[in-house]
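The structure appears right after this line, and notes come after that.
The values are calculated or read from the model by the stated rules, or taken from the named source; none is laboratory data. The structure presented is a predicted model; accordingly, all values stated were derived computationally and were not measured. Every residue, glycine among them, receives a Cβ derived from its backbone with ideal geometry; neighbour counts consider all protein chains shown. Surface areas here come from the heavy atoms of the whole protein model, side chains and all, with no ligands, DNA or RNA. Shrake-Rupley method; radii C 1.70, N 1.55, O 1.52, S 1.80 Å.
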Amino acid sequence: MTELSLHRGISAHRIGAMILRYWYLLLSSWPRLLELLYWPALQVITWGFIQYYIAQNASFFARAGGTLIGAVILWDILFRGQLGFSISFLEEMWARNLGNLMMSPLKPIEFLLSLMIMSLIRLAIGVIPMTLLALFLFHFNVYALGLPLIAFFCNLIFTSWSVGIFVSGLVVRNGLGAESIVWTLMFAIMPLACVYYPVSVLPVWLQYVAWALPPTYVFEGMRALLIENTFRSDLMLDALLINAVLLVASFGAFLALLRSAKKHGSLLSAGE
């Protein structure tokens, strides 16, 4: 049977095989599945009750109902998207299997594409129940945002992939000693992404840094939609442009770090 291939020899069969591998790993461990559900549910319940309390005691939050829960859900898409990508990658590091994969016919681009698709699967398992909890407990229907939700989601997932690809490259080059950056880098971005407050809260010089991050445009767009009933398509287009640059840069950085790892022999000891 002729192998189904995509542009420039990218094999859909090899990508599918990697996705199937990660899917079986996920299903083989109930704690993995529970973790995907537990933390998003805990976040939306905690922040939901906080917003419910504040809304009863502040007229602004009464007008801007849903902005806090909306921010929590969108932040979780960003964070879980990156984490879903990185954890699937770390599975190979922990199993000391990365060297074997890189010596197989699997191309680096196919490896990254399989991690992207797997991050969407892991994200869906965690975020869909989270949105249902927000709907039934706090009457916040994120799906009522309509088409803007698609723009928010795409920009956030593109950013999460860029960060995931970059930190995976750092771990490939430096080994599991750099694993902590997988868990911490997104939290360093969080204050600058203005998840729970507008950009105007930041000092003027820091606002320039914030506007260099695509998530900032998404959270500003979400607040404009919920508070002013206005969809800022200009913000989404700007975010998409920055995301395109970040994705290309992250792919290039990963390939460069992978070549460096092969050259210095660190790929063979990647699980140490």
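Points worth noting:
- Per-residue HN-Hα couplings for the range 135-141 [Karplus 6.51, -1.76, 1.60; θ = phi - 60°; Hz; x = Gly/Pro]: 6, 7, 8, 10, 6, 9, 9
- Solvent-accessible area of the range 102-249 (1.4 angstrom probe, protein heavy atoms only): carbon and sulfur portion equals 75 percent.
- Computed from backbone phi with θ = phi - 60° and the Karplus coefficients 6.51, -1.76 and 1.60, the 3J(HN,Hα) list for the range 83-92 is 5, x, 5, 5, 5, 4, 5, 5, 4, 6 Hz; x is used for glycine and proline.
- Cα-centred dipole magnitude for the range 62-115, charges only on beta-carbon of K, R (+1) and D, E (-1), debye, nearest 20: 160
- Tyr196 sits with roughly 70 Å² accessible to a 1.4 Å probe, with DNA, RNA and ligands left out of the calculation.
- Nonlocal amide H pairs with Ser11, under 5 Å, H built at 1.01 Å: Leu6
- Taking amide H as placed 1.01 Å from N in the peptide plane, Leu213 has no amide H partner under 5 Å among residues 5 or more places away or on another chain.
- Karplus-based coupling profile of the range 196-211, in residue order and whole Hz: 10, 8, x, 4, 4, 5, 6, x, 4, 5, 7, 5, 5, 5, 4, 6, with θ = phi - 60° in 6.51 cos²θ - 1.76 cosθ + 1.60 and x standing for Gly or Pro.
- Accessible surface, per residue, of the range 135-236 when the full set of protein chains is kept, probe 1.4 Å, Å²: 46
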